[in-house]
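J.: Quick one: the structure is below, and I'll ask about it shortly.
The values are calculated or read from the model by the stated rules, or taken from the named source; none is laboratory data. What you see is a predicted model; the values in this text were computed from it and never measured. Don't worry about glycine lacking a Cβ; one is built from the backbone with ideal geometry, like all the others, and counts go over all protein chains shown. Each accessible area value is taken on the protein alone, full model and side chains, heavy atoms only, with ligands, DNA and RNA left out. Shrake-Rupley method; radii C 1.70, N 1.55, O 1.52, S 1.80 Å.
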Amino acid sequence: MKKALFLDRDGTLNDDTMYPHKIEHFKLLPGVTEGLRKLSKDYIFIVITNQSGIGRGMYTEKDFHRFNNHLVSELKKAGIEIKKTYYCPHHPDEACGCRKPHTKSIKDAAREFSIDVKNSWTIGDHPPDIEMGIAARTKTIFMLTGHGKQHIDEARNLKPDFIAENFLHAAEFILKNDKK
């Protein structure tokens with residue numbers, strides 16, 4: 001079985017300025033490429049992202065796919081493969097089972113890619129990312145990038161395995177603790 005990183009997208013991998021969906025606003029966060037490269041030997045990468053901007057009518061699914069395909073393509077140029085992106089297009093008020101903190105996307109990915117969930121990590125900058133990881137029984141890292149600093153008190157109460165300043169910091173923690 002494979003180990004995975006279940007990665008939030010906006011605020012964890014790329015800049016999260018007001019519902020990112022336009023390629024011209026795309027910007028990888030510092031340390032993402034280097035951190036993913038360091039982890040690519042031991043982990044597969046799965047993106048799990050809530051995209052309520054679709055449900056709110058702020059952009060279309062086509063806009064989402066164009067932006068997400070650009071992210072995947074840019075990472076591929078750096079030698080990094082995103083196996084799949086799972087996304088929830090629903091408004092937060094809709095009663096769906098795919099919106100984080102629900103674990104549907106992790107369960108689907110685990111079945112599709114034969115993932116050892118207990119030895120995998122969930123990484124994100126919002127409390128629902130951590131709640132999803134805990135509920136799925138992954139290890140968790142809360143990021144202070146994106147919206148992380150705004151939610152730090154709530155995140156601390158959830159007791160993630162680690163709180164990281166940036167993605168490289170998270171990657172170094174995983175590498176150090178994976179060998180234990």
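J.: Do we find that residue 87 is closer than 20 Å to residue 142 by Cα and either touching a His at 6+ places or on another chain (Cβ under 9 Å) or in a strand (DSSP E or B) (or both) in this structure?
T.: Values: closer than 20 Å to residue 142 by Cα: yes; either touching a His at 6+ places or on another chain (Cβ under 9 Å) or in a strand (DSSP E or B) (or both): yes.
Considered against the rule, which asks whether it is closer than 20 Å to residue 142 by Cα and either touching a His at 6+ places or on another chain (Cβ under 9 Å) or in a strand (DSSP E or B) (or both), residue 87 comes out as yes.
J.: Only one of (1) crowded, with 17+ Cβ neighbours inside 10 Å; (2) farther than 15 Å from residue 30 by Cα is not met by residue 176, so which one is it?
T.: (1)
J.: I'd like the full set of residues that are within 14 Å of the chain's Cα centre (by Cα) and crowded, with 21+ Cβ neighbours inside 10 Å, limited to region 8-28. Full working, then the answer.
T.: First pass over region 8-28, keeping only residues within 14 Å of the chain's Cα centre (by Cα): 8-16, 28.
Of everything in region 8-28, those that are within 14 Å of the chain's Cα centre (by Cα) and crowded, with 21+ Cβ neighbours inside 10 Å turn out to be 8, 9, 10, 11, 12, 13, 14.
J.: In region 84-126, what residues are surrounded by 15 or more Cβ atoms within 10 Å (Cβ to Cβ) and basic (Lys, Arg)?
T.: Within region 84-126, 84, 99, 100, 104 qualify.
J.: Starting from region 96-124, keep only residues that are basic (Lys, Arg), then list their pairs with residues that are at pLDDT below 95 and in a loop (DSSP other than H, G, I, E, B) whose Cβ atoms are within a distance under 8 Å, requiring at least 6 positions of separation or different chains.
T.: Short answer, once both residue conditions are applied: 99/92; 104/97.
J.: Condition first: hydrophobic (A, V, I, L, M, F, W, C) and open to solvent by 40 Å² or more (accessible area, probe 1.4 Å). Now tell me which residues in region 144-173 satisfy that.
T.: Keep residues of region 144-173 that are hydrophobic (A, V, I, L, M, F, W, C), which gives 144, 152, 155, 158, 162-164, 167-168, 170-171, 173.
Passing the criteria: 158, 162, 163, 173.
J.: Inside region 62-83, can you point out the residues that are touching a residue at least 12 places away in the same chain (Cβ under 8 Å), in a helix (DSSP H, G or I) and open to solvent by 80 Å² or more (accessible area, probe 1.4 Å)? Give the steps one after another, and end with the answer.
T.: Filtering region 62-83 for residues touching a residue at least 12 places away in the same chain (Cβ under 8 Å) gives 63-64, 66-68, 70-72, 74-75, 78-83.
Cutting the leftovers down to in a helix (DSSP H, G or I) gives us 63-64, 66-68, 70-72, 74-75.
Across region 62-83, the qualifying residue is only 66.
J.: Quick one: count up the residues across region 121-180 that are part of a strand (DSSP E or B) and either more than 16 Å from the chain's Cα centre (by Cα) or under 27 Å from residue 17 (Cβ atoms) (or both). It would help to see each step written out before you state the result.
T.: Here is the first cut: in region 121-180, the residues part of a strand (DSSP E or B) are 121-124, 139-143, 162-164.
Of the ones still in play, those that are also either more than 16 Å from the chain's Cα centre (by Cα) or under 27 Å from residue 17 (Cβ atoms) (or both) are 121-124, 140-143, 162-164.
So the answer is 11.
J.: Which of the residues spanning region 29-47 are open to solvent by 30 Å² or more (accessible area, probe 1.4 Å) and out of contact with any strand residue (DSSP E or B) (no Cβ under 8 Å at 6 or more places or on another chain)?
T.: Answer for region 29-47, where residues must be open to solvent by 30 Å² or more (accessible area, probe 1.4 Å) and out of contact with any strand residue (DSSP E or B) (no Cβ under 8 Å at 6 or more places or on another chain): 30, 33, 34, 37, 38, 40, 41.
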